[in-house]
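A.B. asks: Here's a structure for you.
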Amino acid sequence: MNSRSKDRFKSDPKGSEKAVGDGRASGHYPKPRIRVLIADDHAVVREGLVSLITRNWTDMTVVGEASNGREAVLLWKQERPDVTLLDLRMPELDGVDVIKEIRTTDKAARIIVLTTFDGDEDIYRAIQAGAKGYLLKDVPREGLMDSIRRVYSGETSVPLHLVAKLADRVSGETLSQREIEVLKLMAQGKSNKEIAAALFISEGTVKSHGKSIFARMNVRSRAEAVAAASRRGLIHL
């Protein structure tokens with residue numbers, strides 16, 4: 001045993017050797033850091049989050065960065081992070097589909113959506129898919145770090161004003177999948193005849209869907225319907 005090794009040990013009264021200086025002699029182990037995966041298609045955002053986590057907080061570490069949804073799923077399977085920060089709008093595979101794919105592997109996966117979109121439908125789809133947290137990108141850094149810790153410990157983290165939007169979505173009028181398809185084509189400026197041809201339905205059925213959309217969304221025109229649907233996250237322009 002060299003002199004360095006000898007310095008790490010000393011004999012107790014019973015003649016046994018104990019390690020000193022590494023915390024293991026007394027049974028105290030260093031607390032493991034929270035392993036975080038960051039998934040965002042904007043490099044500036046990823047770099048900012050990495051800097052924030054690694055420079056300011058000793059209880060966290062970044063284990064990977066993904067620039068698209070498919071890469072996020074692959075990195076999650078490779079690294080098995082404790083918490084994933086996930087953008088909602090991602091190329092190749094959007095955030096909701098990323099959540100679904102990850103949770104087919106592990107239902108207990110802890111994912112926080114970090115996005116600029118606060119539409120009630122966006123929040124609803126993310127939480128329904130299995131996200132444990134939903135935050136906007138203007139969240140204060142202390143709030144973000146607190147959310148990571150809370151989700152890591154098994155809690156959920158959704159700000160109260162977003163909870164209110166989620167409640168409105170759950171209790172309010174919802175559009176059918178067909179109505180959303182019609183609305184998306186309306187947003188593209190398609191006429192009733194063009195929508196009918198695209199969806200293989202009659203022009204009269206398109207008009208019927210349009211009336212239903214207006215009534216459910218409490219609007220009077222296509223423009224109002226498209227604007228309201230975009231705000232809620234029903235369609236993405």
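A.B. asks: From Cα pairs below 8 angstrom and at least 6 apart in sequence, can you work out the relative contact order of segment 34-169, rounded to a whole percent?
C.D. replies: 21
A.B. asks: Something else about it: Relative to the present Cα-Cα distance, how much length would full extension add between residue 203 and residue 89 at 0.36 nm per residue of separation?
C.D. replies: 37.8 nm
A.B. asks: Any chance you could check the Cα centroid distance between segment 193-227 and segment 100-150 for me, in angstrom?
C.D. replies: For segment 193-227 versus segment 100-150, the Cα centre distance is 32 Å.
A.B. asks: When the label point is put 7 Å from the Cα of residue 178 along its Cα-to-beta-carbon vector, which residues of segment 206-237 have a backbone N closer than 11 Å?
C.D. replies: It comes to 206-210, nothing else.
A.B. asks: Rounded to two decimals, what is Rg over Rh for segment 177-232 when you use alpha-carbon atoms and the Kirkwood radius?
C.D. replies: Radius of gyration over Kirkwood radius for segment 177-232 works out to 0.93.
A.B. asks: Checking the cross-link filter: which aspartates and glutamates have an alpha carbon closer than 18 Å to that of residue 211, excluding same-chain neighbours under 8 positions apart?
C.D. replies: 173, 179, 181, 194, 203, 224
A.B. asks: May I pose another question? What pairs from 137/207; 100/207; 137/184; 77/184; 31/77; 77/132 go past 30 Å between their alpha carbons?
C.D. replies: Flagged as over cut-off: 137/207; 100/207; 77/184.
A.B. asks: Answer rounded, prolate or oblate for segment 34-169, using the Cα gyration tensor with square roots of eigenvalues a ≥ b ≥ c: rounded when a/c is under 1.5, else prolate when a/b is larger than b/c, else oblate.
C.D. replies: The shape class here is rounded.
A.B. asks: Could you list the residues of segment 67-96 with an amide nitrogen less than 16 Å from a label point located 7 Å from the Cα of residue 149 in the Cα-to-C-beta direction?
C.D. replies: 83
Values quoted throughout were computed directly from the atomic coordinates according to the rules given, and no laboratory measurement underlies them. The model shown is predicted, which means the values in this text are computed figures rather than measured ones. Here the Cβ is made from the backbone with ideal geometry for all residues, glycine too, and neighbour counts use every protein chain on show.
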